[in-house]
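One structure is given here, and the rest of the page talks about it.
The values are calculated or read from the model by the stated rules, or taken from the named source; none is laboratory data. None of the values given here were measured: they were computed from a predicted structure. Here the Cβ positions follow ideal geometry from the backbone for every residue, glycine too, while neighbour counts run over all protein chains shown.
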Amino acid sequence: MDANNNSRRNQRVLALLVIASSWCSWTQAVEIPSIAPARVIPFGDPDALDANPQRRTAVVTAVVLSPDNSRLAAAGDDHKVRLFDTASGELIQELDGHHDWVRGLSITGDGETIVSAGADCCCRCWNIHTGDLLHVTQQGHGPMRCVAFHPNGVQFAAAGFCCPPSIYNYSAGNSQETRIAMQSPATKFDHTAVVFSPDGTLLAATSADGTLRVWRVATAELLHEIKADSRRLRAVAFSPNGQTIATGGDGAKVCLWDLQSGILQQEIPIRPAKVFCMSFVNDAELAVGGTDNRVQVWRVDSASLLKILEGHSGTITSLAVDTTSKLLVTGSFDTTIRVWHLDRMAETKTATRPVEATK
């Protein structure tokens, strides 16, 4: 009897050790550089808040930098697009016209035009210098969620709730518009993000059913359809060299896909955060923002966490990296925009990093 009891006790102890070992393998204490924001910019209208203290300040849903980094644009749930001076944080102009949340922004490569995508089923093109409304694209199928300018500056892609991705041909001063719908199987799920490849030949989009799709722009032909996650995808990004696509969403991970083969190259755990936004800093580094209120910068080939940007008190909904890879801008549900210098000397902190369980 004692021998049997000892045997069962030993089995329980062994099982607990196995569980403990498996649990410990998910986290690892590491020294991670932490960077504080260089500037905090309130997004909402302070005059409106002074007039009505009970009024909630608008949250930020999209941010984008001009190519020369002189201006940043932000949008949110108060239906406005605001242009700020990046260096000073001074509000330059407000763009009014949308009648619902503005969820997506993009600026042309020459820095002349900004396009906004709204839940009012419209995309609006504006002159970034004068604030003049240049064009309105009315999408009758549902609210727009995301938008991206083609590198040529005369096309933009947009998609949204029950709206499959389409490419619109548009140029300032030309009232004619051509819409090219991307070939796609019927889906009831909304599309959450769109992005062009750096050379403009491909368009990628993510959807709420966890699917990544890639099309050839010239023919609207569907090249890849990848079930990237079992949960909602929210973000997609091309690497600067155009060889890799990154996806992220509610699965609390970033997946890196080979563009040619569609094969998974790397998986980066972002636990416990859901991923809302991402952008490549360069071919080797990826910045990721989400529900843990931080930006994590990862080395993509080794899945190693390089630095953490801390300061927000709400979900980071959008981020943008400048062309020199030294400046990063974020927008958040905490109603602020924050500007970060990636090359600034960082304070080293001990952080817990998720790692894959050992076999």
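Summary table below
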item: Residues (aromatic (F, W, Y) and either within 15 Å of the chain's Cα centre (by Cα) or surrounded by fewer than 18 Cβ atoms within 10 Å (Cβ to Cβ) (or both)) located in the stretch 250-303; result: F276, F280, W298
item: Selection from the stretch 115-132 of residues that are over 22 Å from D68 (Cα atoms) and either out of contact with any strand residue (DSSP E or B) (no Cβ under 8 Å at 6 or more places or on another chain) or surrounded by fewer than 19 Cβ atoms within 10 Å (Cβ to Cβ) (or both); result: D120
item: Cross-chain or 6+ apart pairs with Cβ under 6 Å, the stretch 140-152 first and surrounded by 14 or more Cβ atoms within 10 Å (Cβ to Cβ), then assigned to a loop (DSSP other than H, G, I, E, B) and hydroxyl-bearing (S, T, Y); result: F149/T108
item: Out of T187, T206, sole residue that is modelled with pLDDT of 95 or more and surrounded by 14 or more Cβ atoms within 10 Å (Cβ to Cβ); result: T206
item: Every residue from the stretch 307-337 that is outside any strand (DSSP E or B), in contact (Cβ under 8 Å) with a residue 24 or more places away in the chain and either over 15 Å from the mean Cα position of the chain (by Cα) or under 15 Å from G76 (Cα atoms) (or both); result: E310, G311, H312, G314, T315, T323, T324, S325, F333, D334, T335
item: Strands (runs of 3 or more DSSP E) fully within the stretch 196-289 counting 3 or more residues that are farther than 23 Å from G331 by Cβ and in contact with a strand residue (DSSP E or B) (Cβ under 7 Å, 6 or more places away or on another chain); result: 211-216, 221-227, 253-258, 264-269
item: Evaluation of E112 against (1) crowded, with 17+ Cβ neighbours inside 10 Å; (2) within 28 Å of H191 (Cβ to Cβ); (3) at pLDDT 95 or above (one fails), failing number; result: (1)
item: Subset of the stretch 125-137 (residues that are in contact (Cβ under 8 Å) with a residue 40 or more places away in the chain and out of contact with any Cys (no Cβ under 6 Å at 6 or more places or on another chain)); result: C125, W126, N127, I128, G131
